[in-house]
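Below is one structure, written out as structure tokens, with a few remarks after it.
The values are calculated or read from the model by the stated rules, or taken from the named source; none is laboratory data. A quick note: this is a predicted structure, and the numbers were derived from the prediction, not measured. Please note: Cβ atoms are built from the backbone with ideal geometry, for glycine as well, and neighbour counts cover all protein chains shown.
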Amino acid sequence: RTITEEKLMVAVRVRPLRVDEGPRIIHVISDKMLVLEDEADNRRDILRHRRINDKHYVYDRVFGEDSTQEEVYDTVCGPLVTDTLKGFAGAVFAYGATGAGKTHTMTGLMTRALNHLFTSINESGHPTTYEVKMSYIEIYNENIRDLLNPSAGPLELRDEGGTGAPVVAGLSEVRANSAGHVAELLARGDRARTAEPTHANQHSSRGHALLSVSVSKQVEAGVQRGRLFLIDLAGSERAGLRARRLEGAHINRSLLALGNCIMALSGGARYVNYRDSKLTRLLREVLGGRCRTAMVAHVSAGGNHRDTTRSTLHYAQRASSI
Ligand code: ADP
Ligand code: MG
């Protein structure tokens, strides 16, 4: 199975174990399979007992603790950038609990995607026929913030009628001319993302960051447009597949809605409700299958994170059946 044959490619990346995280409970068996030692922390459990409770999970791809940024890029994102240059849309999501490695992965993908993009354009022989524009937003508490113009107030999401994608009114779309330029813009955006010092951690883990890169190319028949979304989702610890509805205000509405869409899509539902959150409204086109999408679910290898790890693996498994 490759990205080009699948609507949604699901990968899992295991973050290297740190000393304070308990015993290793994730074992990568192959580049498609991992095992979760899913039993109570009883070191004296007999082997047989352990075996019964170990769970095998299979995904399109599993990246172990020693996986490199390059490897993840080449497998998950590179083909989508090639598509974007040809006028298609694509998206990569990073899913997982806070601290599981989402931003680490996405930072690596963003840098490489932009280098790849500008290198290809420059080597195409007619670079001036291309135009690259980017926008970078954060959805935090269902408010859309422009990370490239952080002093602006919350932006409105408007449906322009018809079947077109909704539009973020007043969003800055910056014309980019080199990977270095984009890196500068991203760094500025990332600083805006954590601008509230006292809530820095909470803020960055509860907000979704969406980078959109659009590539227009002048062709004989007019203009060909491709688009790539790179999405660093909010921490999933409060909104697994079976989100605790009673948590009320603490539930991340966009993440919950995304889970519901994935449930509906994976169950083959005829009606999928995208309207419940800003994130799903914005990504309707992406989720609905008119573009190629990859999800990288992130887990820590240590036993201290067993519950969030189990819920992430489950979520990713559900997503695999789309
Ligand atoms: P998240 O965005 O999911 O909250 P981060 O990407 O911030 O998590 O990762 C948490 C910490 O672990 C960071 O210090 C990050 O540098 C480190 N980290 C994450 N993934 C890896 C990895 N694959 N290899 C090495 N360090 C990693
Ligand atoms: Mg992060």
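Looking at (1) within 12 Å of ligand 1 (Cβ to nearest atom); (2) of a type in the set (A, V, I, L, M); (3) modelled with pLDDT of 90 or more, can you tell me which one Leu230 breaks?
The single condition Leu230 does not satisfy is (1).
Checking the condition modelled with pLDDT of 80 or more and farther than 22 Å from Glu138 by Cβ, which residue from Gly303, Gly268, Gly288 passes? Working first, answer last.
Details: Gly268 fails: modelled with pLDDT of 80 or more; Gly288 fails: modelled with pLDDT of 80 or more.
Gly303 is the lone residue from the list that is modelled with pLDDT of 80 or more and farther than 22 Å from Glu138 by Cβ.
What's the number of the condition Tyr136 fails, among (1) within 16 Å of ligand 2 (Cβ to nearest atom); (2) assigned to a helix (DSSP H, G or I); (3) not hydrophobic (A, V, I, L, M, F, W, C)?
Here Tyr136 clears every test but (2).
Restrict the check to the range 52-73 and report whether at least one residue is at pLDDT below 95, aliphatic (A, V, I, L, M) and away from ligand 2 (no atom under 16 Å from the Cβ).
Yes, the range 52-73 contains at least one residue that is at pLDDT below 95, aliphatic (A, V, I, L, M) and away from ligand 2 (no atom under 16 Å from the Cβ).
Determine which single condition Phe118 fails, assuming it passes every other condition in (1) under 18 Å from the mean Cα position of the chain (by Cα); (2) surrounded by 19 or more Cβ atoms within 10 Å (Cβ to Cβ); (3) more than 16 Å from ligand 1 (Cβ to nearest atom).
Going through the list (1) under 18 Å from the mean Cα position of the chain (by Cα); (2) surrounded by 19 or more Cβ atoms within 10 Å (Cβ to Cβ); (3) more than 16 Å from ligand 1 (Cβ to nearest atom), Phe118 breaks only (1).
Quickly run through the range 157-166 and pick out the residues that are at pLDDT 90 or above and surrounded by 14 or more Cβ atoms within 10 Å (Cβ to Cβ). Outline the logic, then answer.
Our first condition is that a residue be at pLDDT 90 or above; within the range 157-166, this holds for 157-158.
The one that is at pLDDT 90 or above and surrounded by 14 or more Cβ atoms within 10 Å (Cβ to Cβ): Leu157.
Could you please find all residues in the range 193-219 being surrounded by fewer than 18 Cβ atoms within 10 Å (Cβ to Cβ), modelled with pLDDT of 75 or more and hydrophobic (A, V, I, L, M, F, W, C)?
Across the range 193-219, the qualifying residue is only Val219.
Do any residues in the range 260-288 that are of a type in the set (D, E, K, R) have Cβ atoms under 6 Å from those of residues that are modelled with pLDDT under 85 and in a loop (DSSP other than H, G, I, E, B), where the two are at least six apart or on different chains, and which pairs are they?
Within 6 Å, the pairs are Glu285/Ala165.
Within the range 4-34, track down each residue that is outside any strand (DSSP E or B), surrounded by 17 or more Cβ atoms within 10 Å (Cβ to Cβ) and more than 16 Å from ligand 1 (Cβ to nearest atom). Please lay out each step first, then the result.
Kept after step one, since they are outside any strand (DSSP E or B), are these residues of the range 4-34: 4-7, 16-23, 25, 29-32.
Narrowing the set further to residues that are surrounded by 17 or more Cβ atoms within 10 Å (Cβ to Cβ) leaves 17, 21, 25.
The answer is Ile25, and nothing else.
Within 13 Å of ligand 1 (Cβ to nearest atom) and touching a residue at least 24 places away in the same chain (Cβ under 8 Å) - does that describe any residue in the range 75-92? Let's see the steps before the verdict.
Just the residues of the range 75-92 that are within 13 Å of ligand 1 (Cβ to nearest atom), to begin with: none.
No.
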